[in-house]
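Everything below concerns the one structure shown next.
The values are calculated or read from the model by the stated rules, or taken from the named source; none is laboratory data. Quick caveat: nothing in here was measured; it's all calculated off a predicted structure. Backbone-built Cβ (ideal geometry, glycine too); neighbour counts: all protein chains shown. Accessible surface is based on the protein model in full, side chains and every heavy atom, while ligands, DNA and RNA are left aside. Shrake-Rupley method; radii C 1.70, N 1.55, O 1.52, S 1.80 Å.
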Amino acid sequence: MTDFFRLSFLLTVAVLSGWPNGLLHGQSTKVYSDAFGVQGRITFTGELRDSVLPEKGPYLLEWRRVEGDTLYTYRISGTLKNNLPHGTWTREEGDWRYALVPGKDIRPALETEGVHEVWKGRFEAGRAEGLWRYAAGAPLVNPERNDSPLRIEARMRKGVIAGDFQVTDRRDPAAPVIIEGRCDENGVAAGTWILRYREDGAEVTERITFDAGIAAERTFERGGISESDGRTKELKVLLNAARDSAAAVRIGSENFGPETLTGKAGAFTSRYLYALFGAPHGPEEFPLDIALKPPVFKRFEFPLSEEEVVLRAKTEEAAEAVLSVLEALFEERNLEIERARSPELDLAVAFLQAVRSRMRKVEDLMSASRDPLFTYIDRNHGGAAENLRALNRGAEVRGKFYEEDVRRLDTVATASSDTRYFRAVYDLTKAAEPGITRCLRTIDGIFADFKKEGELKALEARITDSAALLDSLYADASGMAAFIAERFIAGQITDDLRAYANTDGYTEALEAGSKLLRDMDTLRSLYPDWEKIDRAEQNLEEGYRYFAYNPYTGERDIELKVKVRFLRKVKTVLLPYLKTQVRESGNLHNLVESTDRFLRTESELLRFAFLDERSDKRVERRLRKEDQPARMYRIFTAHMKDR
Amino acid sequence: MEIPLRCTALIALAFALFSFPERADAQQYTDKTGWWLIYFGDNKLNDKFGLHTEAQLRNHFAENQVETSLFRLGLNMYTSKSTIATVGYGYFYNEPNDTELPFAITREHRIWQQFLTRHKSRQLFTEHRYRLEQRFIEFGDGQPSLTDHRMRYRFQVIFPFYTLSPYLRHYFLAGYNEVMLNLRSNSAEIYDRNRLYVALGYQVSPKLNFQLGYMNQAARQPGLASLEINHLLQATVSYNMDDLMRTFFRPADRPENPDR
């Protein structure tokens, strides 16, 4: 026989022989099976559905579950009304471990051991009412009898313990535990609880007197010596204060579990009333979660004062303002990339990063304070102090690249007993602002220097390029261009370059460099004009010839031999005069003006050739006779202005 | 013979207004596009005579058009400084480049007589051209040959820009309108076509100029109830191996020179 078949056989025997059946007549029974045979069955009246109990009538669930070498068995029986338990119910659970051992003859013997748990009581509309009994022991227990190793009795009302309860645990005869207590109608611990147990070999009687769900007074009696809990006085003061509506403390409305009680009382409450009596667990096939709600406890609540709410709002506002500035700063500027260029910048960035981290923490703390449970903590002590200590961490700031520099952020003295949480955080948040302002100013200054440095470098590069271009342009210059190269490039531009190189201030350098660039650009743009000036006489004569040509007749409209005297005058008097003006230009501004004047006059001289009104002829005759170049220029320009 | 500028402009305006008699009859018009490439030449042999040469290629390679090759030769008689009488011969070859077109290949021998008068002012150069044509048309589709007579009148204006600026002296604006009337007894067949033309020209020298312009031709086509409207791009080169332009322009445009 394989293990599988052996186990299957045993389970089938357990289910079929262990549970009475056939007692419930006129009902339906649904049988469930698994790989080991019959897993369980439900006997019911009416319709059986997965998520809800049948509507009414008797109900019986028998089940078993296998986990490893443990067999769990369940039996739940009672009556139903309106799909809810109503009337007397019994709930049983068993945890069985089993082993096959050699028997007295050829057959093996089956050894089992385990615990049998029974809850028995009455339901009304699905909620526990009246006396409920719980018993646990091996192999089988009966809650109606007093000989069970573990017994718990409790008066229930609407599903909660609302009256006396008693726990008797004699499973270890050398260290029995007996608890007697009471809860009010809401299930809140009340009256005086008496706990008897042994500790360190001594018998202890602990009495806890509850006031409004708070363990207000605790006494311990060991070997005839009674002692009181050290906090009793403080608790009394708090309880008295809590009854004053104007006080900063009150009895909270939240319910808390056994962890509220310290010491053995908390452990026993958790173990007997929460883990055993209050939490029957069963197979998933029983669709109702029936809870026998154990006692609950109250705590002092320290609600936020109006001042604290205001402080919190101001703290959040201040932190958000700082964060928005810092986030924008880190996003807009390449601080991480640039910080290595300057120790001051490095330290400022490290400082601002620390402030940003702190402000994020402040925001988290302020956000956490909106949790309803936050007010159950005495926020001037305990966790609050730890929060403040966390804020102080990282107060010492060092640069990432220049670590020798250290800067400290403001801290809060958390050891001070009168430190108020929100005030401390607010003060710390506000204290960061001057440091941020200083850092921002430092960063602005450093970046401005970087920018200036970059601008000047770019300017110098442009000047160098422009100078090279100018040199190559005028390298083989002749005529007027050669004169300009010597007079302005070798002279003025070189002097200006020297002056620029010796400039100290940023503004002066920027101005000098910009002017230098402009001047070089001007000389470059003027270059084609020098050839025009050199060839002015020739150009004028060719222009006269070209423009005089009439394509319709093939002849010149202007007879050059008529104009020859005028042209000669222009070439010998007016143009040399204008050329001299160009050569004697003291600065670039004058050079541009005189060049422009020369070229404009040359163009006007061409246009003049085609003007044939009487006034034009008269002016031409005057110009032919004029020997004063300045006067000649004035007469000509005045005349052409009107034409 | 010179006429005032305002008088010339008035003639041109009136001619343009009355040169489309059929359009007032709400006939249907069809539009076509094409291009003409033209060469003109007037070559003086002596003071009295000269040769007129002309070649035109019309609508070659244009879509859905009748391609025309045209050659003219004439004898110019210089009757005065500003008038020329010409008699000549012309040969025309027309071939539709699309079989869908309702035209057959035609060949035409043409004898023509022409009288041309030129006038100029300081700003404008105007020209009146009167022409008579005797047309001998052979149809390629076997239809009997046709003899036809036509008279044409063209009024042309040239506006040289050299009076505006010496820099624009080579450029001119040219425009003309020409109406052609058949000499027939049936009044419905008298109108043949009208050409309105405007162009920008470049005068290289007295002998050579180029023109690029637009011509709008409204022609009555045999067998078609409506006029055919042609929008034509026209490129013209004129090469005159004589001193026609030179002698024509010289006297008036030469400025009076007080120093002479």
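Some observations on this one:
- The single condition among (1) assigned to a strand (DSSP E or B); (2) closer than 27 Å to B:Lys81 by Cα; (3) open to solvent by 20 Å² or more (accessible area, probe 1.4 Å) that B:Glu138 does not meet is (2).
- Residue check: B:Asp31 meets all listed conditions (1) surrounded by 15 or more Cβ atoms within 10 Å (Cβ to Cβ); (2) in a strand (DSSP E or B) but one, namely (1).
- Enumeration of residues in the stretch B:174-190 that are touching a strand residue (DSSP E or B) at 6+ places or on another chain (Cβ under 6 Å) and away from chain A (no Cβ under 14 Å): B:Gly175, B:Tyr176, B:Asn177, B:Glu178, B:Val179, B:Met180, B:Leu181, B:Asn182, B:Leu183, B:Glu189, B:Ile190
- Annotation note: of A:Ala291, A:Ala313, A:Ala318, the sole residue that is aliphatic (A, V, I, L, M) and closer than 23 Å to A:Asp50 by Cβ is A:Ala291.
- Subset of the stretch A:268-315 that is among the aromatic types (Phe, Trp, Tyr) and in a loop (DSSP other than H, G, I, E, B) - its residue that is surrounded by the most Cβ atoms within 10 Å (Cβ to Cβ): A:Phe302
- Out of A:Arg127, A:Arg97, one residue alone is at pLDDT below 90 and in contact with a strand residue (DSSP E or B) (Cβ under 9 Å, 6 or more places away or on another chain). It is A:Arg97.
- The listed residues are B:Gln123, B:Gln203, B:Gln221, and the only one of them that is within 14 Å of another protein chain (Cβ to nearest Cβ) and modelled with pLDDT under 90 turns out to be B:Gln123.
- Here A:Ile194 does not qualify as on the phi < 0 side of the Ramachandran plot, in the same structural domain as A:Lys293 (by TED's automatic domain parsing) and surrounded by 18 or more Cβ atoms within 10 Å (Cβ to Cβ).
- Residue list for the stretch A:602-632, restricted to those being within 13 Å of another protein chain (Cβ to nearest Cβ) and in contact with a Leu (Cβ under 8 Å, 6 or more places away or on another chain): A:Leu605, A:Leu606
- The set of residues in the stretch A:135-146 that are closer than 24 Å to A:Leu288 by Cβ and in contact with an Asp or Glu (Cβ under 7 Å, 6 or more places away or on another chain) contains only A:Ala136.
- Of all residues making up the stretch B:103-135, the number that are within 22 Å of B:Ser185 (Cα to Cα) and either aromatic (Phe, Trp, Tyr) or in a loop (DSSP other than H, G, I, E, B) (or both): 2
- Pairs, first modelled with pLDDT under 85 in the stretch A:596-619, second open to solvent by less than 80 Å² (accessible area, probe 1.4 Å) and part of a helix (DSSP H, G or I), C-beta under 6 Å, six or more apart: A:Leu606/A:Gly543; A:Ala609/A:Tyr544; A:Phe610/B:Pro166
- Checked against the criteria, A:Ser525 does not count as on the phi < 0 side of the Ramachandran plot and either open to solvent by less than 20 Å² (accessible area, probe 1.4 Å) or within 14 Å of chain B (Cβ to nearest Cβ) (or both).
- Residue check, A:Val310 at pLDDT 90 or above and closer than 30 Å to A:Phe447 by Cα: no
- Members of the stretch B:146-171 found to be under 14 Å from the mean Cα position of the chain (by Cα) and either acidic (Asp, Glu) or more than 14 Å from chain A (Cβ to nearest Cβ) (or both), listed by number: B:Met151, B:Arg152, B:Tyr153, B:Arg154, B:Phe155, B:Gln156, B:Val157
- Verdict on A:Tyr134 being part of a strand (DSSP E or B), open to solvent by 60 Å² or more (accessible area, probe 1.4 Å), of a type outside the set (S, T, N, Q) and in contact with a helix residue (DSSP H, G or I) (Cβ under 9 Å, 6 or more places away or on another chain): no
- The one condition in (1) over 41 Å from the mean Cα position of the chain (by Cα); (2) open to solvent by less than 40 Å² (accessible area, probe 1.4 Å) that A:Ala318 fails to fulfil: (1)
- Matching entry among A:Glu386, A:Glu338, A:Glu363, A:Glu404 (being open to solvent by 20 Å² or more (accessible area, probe 1.4 Å) and at pLDDT 85 or above): A:Glu363
- Which listed residue, of A:Asp465, A:Asp471, A:Asp427, is farther than 30 Å from A:Ile533 by Cβ, assigned to a helix (DSSP H, G or I) and either of a type in the set (Phe, Trp, Tyr) or free of Cβ contacts under 8 Å to residues at least 24 places away in the same chain (or both): A:Asp427
- Given (1) in a strand (DSSP E or B); (2) surrounded by fewer than 18 Cβ atoms within 10 Å (Cβ to Cβ); (3) over 52 Å from the mean Cα position of the chain (by Cα), number of the condition A:Leu140 does not satisfy: (1)
- Test: A:Lys563 is within 12 Å of chain B (Cβ to nearest Cβ) and of a type outside the set (S, T, N, Q): yes
- From the options A:Arg151, A:Arg145, residue that is under 30 Å from A:Ala125 (Cβ atoms), free of Cβ contacts under 8 Å to residues at least 40 places away in the same chain and buried (at least 16 other Cβ atoms within 10 Å of the Cβ): A:Arg151
- Count of the stretch A:532-553 residues which are open to solvent by 20 Å² or more (accessible area, probe 1.4 Å), more than 13 Å from chain B (Cβ to nearest Cβ) and of a type outside the set (Lys, Arg): 6
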